[in-house]
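The structure under discussion appears below in the form of structure tokens.
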Amino acid sequence: PLPEFDELGRPAWLYGETVHRHCVRAGYYEEGTFAEHYGDRECLVEIGCWGPVVNCNIASRGAINHVGGCMNVGGPCIGCTMPGFPDKFAPFYKAPPGSTVSSTATRVVGSFIRPLRRISQRDRSRTVQWDRSGAVPPGWGAGPDHTFVDRLAEVIYNRVRKSDTAAKHLP
């Protein structure tokens with residue numbers, strides 16, 4: 001049987017998803033954290049990455065021997081797999097049109113997501129036994145103390161987790 005094709009007649013397994021969807025830096029985009037300089041580890045959209053609109057699986061497949069893909073090695077996607085390349089993607093290394101709007105929106109959302117993740121991360125970096133005893137055993141770093149916000153978030157989380165509504169949605 002023939003493979004599935006995208007709307008341009010290209011193999012869907014190669015061009016069915018955007019570069020951004022499998023990008024190793026997409027988590028930074030989700031949290032609204034963007035690179036300011038080449039070589040930074042954050043999302044590269046604001047310094048010229050076209051990954052959110054380019055269809056290609058290079059970020060997950062790699063370029064040579066499963067290694068590479070522009071973002072995996074520190075460079076922004078310049079859209080080289082798209083039919084409009086290079087004309088519609090020039091000038092290279094300049095923020096794409098519309099990226100300011102999407103970047104601003106993700107910064108706002110990310111300003112809420114980042115602290116919530118940090119609270120969960122701090123709590124999940126401790127065992128129940130450590131919480132009960134109030135001490136971390138020798139050989140482990142002390143780790144961050146639980147703040148009032150951490151304890152409040154844990155109470156709310158446990159109530160939601162143990163509620164009937166949450167239990168109904170379990171598989």
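State all residues of the range 70-83 that are assigned to a loop (DSSP other than H, G, I, E, B) and under 19 Å from Ala95 (Cα atoms); if no residue qualifies, say none.
If the condition is that a residue be assigned to a loop (DSSP other than H, G, I, E, B) and under 19 Å from Ala95 (Cα atoms), then Gly74, Gly75, Pro76, Cys77, Ile78, Gly79, Cys80, Thr81, Met82 are the ones that fit.
Pairs, please: C-beta under 7 Å, at least 6 apart or cross-chain, first residue over 24 Å from Leu116 (Cα atoms) and in the range 31-44, second surrounded by 15 or more Cβ atoms within 10 Å (Cβ to Cβ)?
Tyr38/Ile47
Looking at this structure, is His20 surrounded by fewer than 19 Cβ atoms within 10 Å (Cβ to Cβ), in contact with a helix residue (DSSP H, G or I) (Cβ under 8 Å, 6 or more places away or on another chain), at pLDDT 90 or above and under 23 Å from Lys94 (Cβ atoms)?
no
Which members of the range 51-89 meet the condition of being touching a residue at least 24 places away in the same chain (Cβ under 8 Å), closer than 23 Å to Phe34 by Cα and out of contact with any helix residue (DSSP H, G or I) (no Cβ under 9 Å at 6 or more places or on another chain)?
Gly74, Gly75, Phe89
Residue by residue, here is whether (1) within 16 Å of the chain's Cα centre (by Cα); (2) among the small types (Gly, Ala, Ser) holds:
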| residue | (1), (2) |
| --- | --- |
| Ala63 | no, yes |
| Asn72 | yes, no |
| Thr81 | no, no |
| Asp87 | no, no |
| Tyr93 | no, no |
| Gly110 | yes, yes |
| Pro115 | yes, no |
| Ile119 | no, no |
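Specify the residue that is nearest to Ala90 (Cα to Cα); the eligible residues are those in the range 32-69 that are in a loop (DSSP other than H, G, I, E, B) and of a type in the set (S, T, N, Q).
Checking each candidate, the answer is Asn57.
The values are calculated or read from the model by the stated rules, or taken from the named source; none is laboratory data. Please read all numbers here as calculations on a predicted model, not as lab measurements. Here the Cβ is made from the backbone with ideal geometry for all residues, glycine too, and neighbour counts use every protein chain on show.
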